[in-house]
Amino acid sequence: MKVLVPVKRVLDYNVKPRVKADGTGVDLANVKMSMNPFDEIAIEEAVRLKEKGAATEVVVVTIGVPKAETDVLLTARAMGADRAILIATEDEVEPLAVAKLLQKVAEEEQPGLVILGKQAIDDDSNQTGQMLAALLGWSQGTFASKVELGGNGVKVTREVDGGLETVDLKLPAIVTTDLRLNEPRYATLPNIMKAKSKPVAKKTIADYGIDVAPRLKTLKVVEPGKRQAGIKVGSVDELVEKLKGLGVAK
Amino acid sequence: MKTLVWVEHDNKSVKDATLATVTAAAKLGEVHLLVAGAGCAAVADEAAKIAGVGKVHLADAAALEHALAENVAPLIVTLMDNHDAILFPATTTGKNIAPRVAALLDVMQISDILSVESADTFTRPIYAGNAIATVQTSDKKLVITVRGTAFDKAATSGGSGTVEPVSGSGDAGLSTFAGAEIAESTRPELTAAKVIVSGGRALQNSENFHAIIEPLADKLGAAVGASRAAVDAGYVPNDYQVGQTGKIVAPEVYIAVGISGAIQHLAGMKDSKTIIAINKDEDAPIFQVADIGLVGDLFKIVPELTEKL
Ligand SMILES: Cc1cc2nc3c(=O)[nH]c(=O)nc-3n(C[C@H](O)[C@H](O)[C@H](O)COP(=O)(O)OP(=O)(O)OC[C@H]3O[C@@H](n4cnc5c(N)ncnc54)[C@H](O)[C@@H]3O)c2cc1C
Ligand SMILES: Nc1ncnc2c1ncn2[C@@H]1O[C@H](COP(=O)(O)O)[C@@H](O)[C@H]1O
């Protein structure tokens, strides 16, 4: 069984986003970009399935800038993905259009499982996996904290608001990762060197004949209202007084 | 505009998250509700009383019991013939189903809205709430998830909606519910609590977390939350996590104990009315957003505070 892992190149999670003065978006010039953290978890899960013998091949795909080939797709291959597909574009592509492109890739590659991140930490959309499942007419196990393959299906434990929920999915299936699914390995230097010889297929959006025109227009992007740092109290007694003042303590 | 609101429930009663979603929907037009589940007629009756509600569509079928997206989405797509917008609370249930509906309708979902600017324009947080985008949609139908902390709750009484049964599309045969571990707690729910006491990595282990955080929460009648670090380390279950990728809360008072204040954590609580931080590092970023800070060792401070309350 083949596992397909879509990954997104995003502003590194350690970098504090800066809103551009002209209100058009967040400044991405000269800042560190990395793989979306949830997608590292997705690759790790796929590679572990391969190491256990449950998967035969791990293919990663990204829709993004050509530079992704030498950063996130290299990291992905160094972590254990066998090959990569780059669908190059300079434009931002919305989750619906990403899902449509991934549908085409899935139809070509015929994976048994597609593992995505639950959300990209830049747009915070949390949509693409569910949309892909809809377009393919496949089952979906979102926010996964455990994935167990067996027989014709996959059992997915999901992190839900009240706790945990388990669903049995028919294969092929879509899984999206939550933080506690696994701890992704580091891409070590020797593995990065070796990864350079693993293939990358270079495509463009035109190759797939999908209309990716955005449906949402961003009118402006602003900083949220800033909180003022408050005061520091010197003792527990003072804090007790404050809590009384707030009406939460008697 | 005719809107449909997904009613969040457990087949017994309406969950609070529904109420803010109703308020958001009312800004767009007429509000209809969808109660989908199994043996959930009582939920529909309760939902019909929510202020401002018109029709309540009740889809009562075994295949809908656990709100599996594969079974629920086709039902909603059918109902969208007669509605212009569907709104879900941005809960794990809403986030699971909404994009599946959006893709089937070929529309781009608008996630986690903070405000309704007009019938086609909304604000939403991006980059863990470090930026707020105003977006305008060109889609004919709207699929939206609503951030609960951004809208007032609709009143649970005063409405006189009519309940109308609709039939589901049956079982898609793609997935089955296998079980759940839902923690029963006597404490208020995190997203509905007036006061929250949250603990971080500094608590060191599960025993400390329970021994230090819970008595304080008990004294204040508070809900208990946690940072990702505390959840990852297994001090508390996953559903305690507050943050960008956990729960978004905005209580009257949020007390962060031994939490550094990473942007991903702040994303989930910085709209709280009053933030109190207890941390031994006076330079911890949490103090940049805290209204009231106390620098010191939580193992001394918190028991003393609990004692004195
Ligand atoms: C994709 C992604 C998503 C994430 N989503 C979330 C999320 O939703 N929610 C979230 O919380 N995090 C999230 N994180 C993690 C986040 O980046 C931080 O790692 C995490 O919030 C840190 O938790 P903490 O503050 O408990 O731990 P630390 O950062 O280790 O802070 C511990 C604090 O305790 C203080 N301390 C230590 N001992 C004592 C003592 N005895 N008395 C008083 N104070 C003491 C220290 O000074 C320190 O400030 C996410 C990260 C990623 C990459
Ligand atoms: N441009 C992209 N290229 C490849 N995968 C993507 C892209 N955008 C989103 N994804 C995948 O979809 C997941 C959820 O993203 P989102 O719906 O944008 O929050 C990510 O974690 C990725 O796995």
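The values are calculated or read from the model by the stated rules, or taken from the named source; none is laboratory data. On a predicted model such as this, the values are computed, not experimentally measured, just so you know. Neighbour counts are summed over all protein chains in view; Cβ atoms, including those assigned to glycine, are modelled from backbone coordinates with ideal geometry. Only protein heavy atoms, including side chains, enter the accessible area calculation; ligands, DNA and RNA are left aside. Shrake-Rupley method; radii C 1.70, N 1.55, O 1.52, S 1.80 Å.
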Taking R0 as 41 Å, what FRET efficiency do you get between B:Q288 and B:D152 from their Cβ-Cβ distance, rounded to the nearest 0.05? 0.90
With the full set of protein chains in place, find how many percent of the accessible area of the protein assembly as shown is carbon and sulfur; take the probe as 1.4 Å. 49 percent
Residue-wise HN-Hα coupling along segment B:47-62, computed from phi with Karplus coefficients 6.51, -1.76, 1.60 (Hz; x: Gly, Pro): 5, 5, 8, 4, 4, x, 8, x, 6, 10, 7, 10, 10, 10, 7, 4
Dipole magnitude (debye, nearest 20) for segment A:119-160, charges at Cβ of Lys, Arg, Asp, Glu: 300 debye
I need the trypsin sites (Lys or Arg not before Pro) found in segment B:8-69, filtered to DSSP loop residues with at most 13 other beta carbons within 10 Å of theirs. B:K12
Tell me, which longest segment in chain B has none of the GluC sites (Glu not before Pro) that fall in DSSP loops with at most 12 further Cβ atoms within 10 Å? B:1-183
Can you work out ³J(HN,Hα) from phi for every residue in segment B:142-151, in order, using Karplus 6.51 cos²θ - 1.76 cosθ + 1.60 and θ = phi - 60°, giving whole Hz and x for Gly and Pro? 10, 10, 9, 10, 10, 6, x, 6, 8, 10
Under a point spin-label approximation (7 Å from Cα along Cα-to-Cβ), what is the B:A38-B:R187 distance to one decimal in nm? 3.2 nm
Three-way shape call for segment B:177-309 based on the alpha-carbon gyration tensor, with the a/c threshold at 1.5: rounded
Under the Karplus curve 6.51 cos²θ - 1.76 cosθ + 1.60, θ = phi - 60°, whole-Hz ³J(HN,Hα) for segment A:162-173, x wherever Gly or Pro sits: x, x, 10, 9, 10, 10, 9, 10, 6, 8, x, 9
Give the residue list of trypsin sites (Lys or Arg not before Pro) in segment B:97-185 that are DSSP loop and have at most 15 other beta-carbon atoms within 10 angstrom. B:K140
Express in whole angstrom the spacing between the alpha-carbon centres of segment A:152-166 and segment A:119-147. 13 Å
Straight-line reach from B:K12: which aspartates and glutamates fall under 13 Å, measuring Cα to Cα and dropping same-chain residues less than 8 apart? B:D45, B:E46, B:D60, B:E65
Out of all DSSP beta bridges with both ends in the protein assembly as shown, state the antiparallel percent to the nearest 5. 35 percent
Where a ≥ b ≥ c are root eigenvalues of the Cα gyration tensor, a/c under 1.5 meaning rounded, otherwise prolate if a/b exceeds b/c and oblate otherwise, segment B:97-162 counts as oblate
Chain A - percent relative contact order, Cα under 8 Å, separation 6 or more: 23 percent
Aspartates and glutamates near B:K280 by alpha-carbon distance under 12 Å, same-chain residues fewer than 8 away left out - which ones? B:D297
Leaving out ligands, DNA and RNA, calculate the buried accessible area for the pair B and A with a 1.4 Å probe, summed over both sides, in Å² to the nearest 100. 6800 Å²
In what sequence, largest accessible area first, do A:D71, B:D152 appear using a 1.4 Å probe? B:D152, A:D71
Assigned charges on the beta-carbon of Lys, Arg, Asp, Glu; the protein assembly as shown dipole about Cα centre (debye): 860 debye
Between B:V163 and A:L189, how high is the FRET efficiency from 1/(1 + (r/R0)^6) when r is the Cβ-Cβ distance and R₀ = 56 Å? Nearest 0.05. 0.30
Between B:K273 and B:Q204, with labels modelled 7 Å along Cα→Cβ, what's the label distance in nm to one decimal, could you check? 3.6 nm
Set A:K100/A:K203; A:K217/B:K141; B:K247/B:K273; A:K118/B:K194 screened for pairs whose C-alpha atoms are more than 25 Å apart: A:K118/B:K194
With the cut-off at 21 Å, tell me which of the pairs A:K8/A:K202; A:K8/A:K52; A:K16/A:K194 have Cα atoms farther apart than that. A:K8/A:K52; A:K16/A:K194
If you place +1 on the Cβ of every Lys and Arg and -1 on the Cβ of every Asp and Glu, how big does the dipole about the Cα centre of chain B come out, in debye to the nearest 20? 420 debye
Could you tell me which trypsin sites (Lys or Arg not before Pro) in segment A:30-64 are loop residues by DSSP with no more than 16 other beta carbons within 10 angstrom of their beta carbon? A:K32, A:K52
